[in-house]
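K.L.:
Here's a structure for you.
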């Protein structure tokens, strides 16, 4: 049998890998995938430099990017960090720090260092968050171009008032955006000097409203239970939406709320490394906080995007204690949650819910929320939730104006 030769794009060229290449390879690991134990989740879990080393090693191995001699040495080594591939990975980690993608946290002695491996934590920088948002947006929307052929990385977006290409007869009150050719064609048989209102044809336009959005992310225990990580895709959606708004809809506002036993606002800079905890689902607390954030905004449209996989099972009582009941839809929890939904309706806030489960009780609850706020309910999976959220966000901002 002839000897098989393995070819790799980066064979013997690991030194040429740029920081952006490395970031792309390990983006899911950076978002916390597999950091948390599904049976004993730790909300304070954060990847350390050992995790970063292992993430790069796994990414290189999965892509067959480790030269044969380095691979053989590593497989026989007592400590892979002391091998040639270990040295290459340490250089990559240093490159990520030098290029401003990660920042190593100082220990209690004020030591952080610029490279090496260890249990010291690291933070993602603003540059890293922006990169991950861009990558998530491109990956999620890559298959949704206007044409089924060609290379369309993202859907075509625009802002403000844009022509749709469609026309209609003029009606009193319409903005006079004339289609000159069609109007003159109607008038020509009688002479242009005899043009009438009935001859007028106008182009229709799409108006992109300004929006204030709060994304509510469920970080209860169930989001990493049942054999799949649902929280990492949810964070990827949030990062992609943030990048979309920053680059395409600069007049919009976007905030993030994590809801669990209680609820808290989380800045974008910290969202990527947040983790699931051993929590219940305080939907009412999340809705209450989201309303407080939206109340400060002066936008055409106010909306809540809620991503969850569980029915409400917790409440914050007036004295600050948390009431919990994970068994079925507790009437008290349900009633208080629907009170917050009704308040959203009175405030003109639409709730669009993206469900990652299909429990019959949950389906009924979500349909009720949607009906009360004239929102929409989507029953999705971790694999397609991003496309649903992003397409819904863009279409929800658009209306035809004459």
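K.L.:
Based on other C-beta atoms within 10 Å, arrange 92, 25, 391 from fewest to most.
P.N.:
Ranked by crowding around the Cβ, least crowded first: 391, 25, 92.
K.L.:
What ranking do 379, 122 get, fewest neighbouring Cβ atoms within 10 angstrom at the top?
P.N.:
379, 122
K.L.:
Still on this structure, please answer the following. Run the quick spin-label model on residue 264 and residue 61: label points 7 Å from Cα toward the beta carbon, then report their separation in nm to one decimal.
P.N.:
Going by the 7 Å Cα→Cβ label model, 3.4 nm.
K.L.:
Now for a different question. At 7 Å along the Cα-to-beta-carbon direction for both residue 300 and residue 139, put a label point, then send me their distance in nm to one decimal.
P.N.:
Computed distance between label sites residue 300 and residue 139 equals 3.2 nm.
K.L.:
Tell me, what is the FRET efficiency for residue 250 and residue 198 to the nearest 0.05, using R0 = 51 angstrom and their Cβ-Cβ distance as r?
P.N.:
Approximately 0.80, to the nearest 0.05.
K.L.:
Sorting 330, 252 on the 10 Å Cβ count, fewest up front, what's the list?
P.N.:
Exposure proxy ranking, most exposed first: 330, 252.
Taken together, the values in this text are just the output of simple stated rules run on the coordinates, not laboratory data. For clarity, every value in this text was computed on a predicted model and none was experimentally measured. With ideal geometry, Cβ positions are generated from the backbone for all residues, glycine too; neighbour counts draw on all protein chains shown.
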